[in-house]
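Every number in this text was worked out from the coordinates using simple rules, so none of it is lab data. Keep in mind the model is a prediction, meaning the values are calculated, not measured. Positions of Cβ are backbone-derived with ideal geometry, glycine not excepted, and every protein chain shown enters the neighbour counts.
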Amino acid sequence: MRWEAEPFGHTDISKPARIDPNREGLQIWYAVESNNPGVYFVDKDGKTIFKEAYRHAHYGWIARHTAKFPGLQPHTAEDGRGEKRDHFPICLPEGAHWLNLTDWQRKNFVPVHWDAGPEVVFVTRKENKRIVRLKEDGGMEDLSDGKLPEGGMYERNLICADVIGDFRENIVTVDMKRDRLMVLANPTVAHRRGYSPYSDFEYRHDRSQHGSGYYIYLSPPDTGCSTDS
């Protein structure tokens, strides 16, 4: 045995990633829903860097929300069933909260790398499907290049991935009214070149899991370069 984490129960999320680039190797983000429930941030040797107690840690993602801090900022929500709690934080690698999502946001946001910036934005899940940016104060604003096709009856997003290979992610969804599978792409021409994140093994592996039960979104690697297109 190389290492053993401290004891806890069933995990809804167990994700290795380079969350804190200042630490050696990969770390693991755990969301635990039973037996010492909470979130656990564990280093490459199994040592807990920080943990936070939850009643029932459930669903989330690991994404690049802000360029103000290096690395990725994990989000895990408190399960909304039963006792109501407004505990839906986005964490920083040292354990502080960057901000707390609203109940509507944590239910409706799906992260997607839609533009050329380093941060992810969010596509709302169903009928009024649109793309928004999360602001520092927790509010949101629509993106000028985030207007999506109108008139459809959209189901939830099936996946956000770089389907067409332009280094930005696309949204794959089902339009029930038109009876079509749709791949939605950013209509704005990119002002700089980049490389598809599919060249990165961790990204390919992460997206390969998205159709099989529980999954978690992991921000693509920073694949852009400064060469003008």
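What the table below lists for this structure:
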{"item": "Candidates L99, L148, L143 - the one that is over 14 Å from the mean Cα position of the chain (by Cα), buried (at least 16 other Cβ atoms within 10 Å of the Cβ) and over 24 Å from V189 (Cα atoms)", "result": "L99"}
{"item": "Count - residues of the stretch 16-51 that are basic (K, R), more than 20 Å from F69 (Cα to Cα) and surrounded by 13 or more Cβ atoms within 10 Å (Cβ to Cβ)", "result": "1"}
{"item": "Residue list for the stretch 119-139, filter: surrounded by 16 or more Cβ atoms within 10 Å (Cβ to Cβ), under 23 Å from A67 (Cα atoms) and of a type outside the set (D, E)", "result": "V120, V121, F122, V123, T124, I131, V132, R133, L134"}
{"item": "Breaking point among (1) surrounded by 17 or more Cβ atoms within 10 Å (Cβ to Cβ); (2) in contact with a Ser or Thr (Cβ under 9 Å, 6 or more places away or on another chain); (3) part of a strand (DSSP E or B), for L158", "result": "(1)"}
{"item": "Criterion (within 15 Å of the chain's Cα centre (by Cα) and among the β-branched types (V, I, T)) met by exactly one of V174, V163, V132", "result": "V132"}
{"item": "Test for E52: is it touching a Ser or Thr at 6+ places or on another chain (Cβ under 8 Å) and of a type in the set (D, E)", "result": "no"}
{"item": "Candidates G138, G165, G151, filtered to the one that is at positive phi, outside any strand (DSSP E or B) and in contact with a Leu (Cβ under 6 Å, 6 or more places away or on another chain)", "result": "G138"}
{"item": "Count - residues of the stretch 1-20 that are over 15 Å from the mean Cα position of the chain (by Cα) and touching a residue at least 60 places away in the same chain (Cβ under 8 Å)", "result": "1"}
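Residues are listed down the side, and each one gets a yes or a no for (1) over 16 Å from A17 (Cβ atoms); (2) surrounded by fewer than 20 Cβ atoms within 10 Å (Cβ to Cβ); (3) acidic (D, E):
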residue	(1), (2), (3)
A53	yes, yes, no
A63	no, no, no
T66	yes, yes, no
H75	no, no, no
E78	yes, no, yes
